[in-house]
Structure formats: C-alpha cells, structure tokens
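Just so you know, all these numbers are worked out from the coordinates, no wet-lab data involved. None of the values given here were measured: they were computed from a predicted structure.
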C-alpha cells in the first residue's frame, strides 16, 4: 500500500515538473537555427510574462537585431520600429520603440550576466523596460543588478554567435541586420 502511494507521488512530481519546465521554455528561431531559452519566472515574473505575451502574439517575429556589439551582446525587441515587415519599420529609429504596453518595474536579482544570458534593455530609468532585450555573447558583470535578467540560452548559442555584428564606431548599429524569424513558447 505504501509503495503504491509513493509511486503516485513520484508520478505526480514527474508530470508537474515536466509541465512547469515546458511553461518556462521558448524557441527563438534565427536564420541559422533554433535557440532554446529557459525563462526565470521565479526571478523576473513580470518580465517573463511580458516576453511570453509579446512572443506568443507574434510581436517579435521579423524584429531585427538593431544593435550587436562583438564580444558584448546582441540587442533586439523593438516591436514598434524594428519589425522589418511593419509599415512603422525604421532602422534609424530601431532601438527607440517598444510595445503599446506600460513599461515594467525593475526586477533586478543576483543572477549574473553570463554568456547566453537574456536581459531586458532599458533607458536610464530602471523602470523603463518594455519589449527590448539583449543576449550576452560573453560575461558582462558590470550589468549585474542593474538590468533585469529573465532567461538564458540552454541550446543553440552557436546560432546566436552567428548574428551579424554592427559597426563598433557607431555603438553597434547594424546596417543590414539579421532578424528574429519567430519567438514562441514551447
């Protein structure tokens, strides 16, 4: 009888763990391949909720990587001016826009900015993150506790490494940028 209950508990835990993990995994489709991303809903719940909503609504599809600095990061997510399929697309203004949703309050944590970290971009105001985010190519500890880390690459970082780099003399602006093909929950 006790072994039956133990088996039921183990079965429940396995199913619950699988369901929870699927809710925190997303696929970022790039030109060279798929990038699997784990979201940190326990550390940045409001940012994760925002990213998932915009992604699942298709808002990130065709959005360019407008700022890419070799050895630092690739920035994307300007759903207003950075969507290459939108009538509002303006590469010169990409990086200045966001979604129609309100800006988010910061959710800084002790999670470090390491290779493969996804973190929210913002202005000087710590509570100004909206839709833009970046993926770190290398550790960037000077960003720790100043930007909201909401996820990390768990597979496919080699495809992130292939994103076209920008002009270093122009703050990483990319003249003919790569783009997100799609970004969806698993």
Working out 0.36 nm times the residue gap between residue 101 and residue 46, then minus their Cα-Cα distance, what length gain in nm do you get to one decimal?
18.6 nm
Where does helix 45-56 land angle-wise versus the long Cα axis of the chain, in degrees 0 to 90, nearest 10?
70 degrees
Using Cα centres only, tell me the gap between segment 130-145 and segment 59-82 in whole Å.
13 Å
Inter-centroid distance (Cα atoms) of segment 34-48 relative to segment 91-115, Å:
13 Å
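If contacts are Cα pairs under 8 angstrom and at least 6 residues apart, what is the relative contact order of the chain in percent? Working shown, then result.
Working: 423 pairs, mean separation 58.1, N = 186.
Relative contact order, the chain: 31 percent.
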Taking Cα atoms only, helix 2-23 is inclined relative to the longest principal axis of the chain by an angle, in degrees rounded to 10, of 10 degrees
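Tell me what the chain gives for mean residue ellipticity at 222 nm when only DSSP H runs of n ≥ 4 count, each as -39,500 (n - 2.57), the sum divided by the residue total, rounded to 500 deg cm²/dmol.
-6500 deg cm²/dmol
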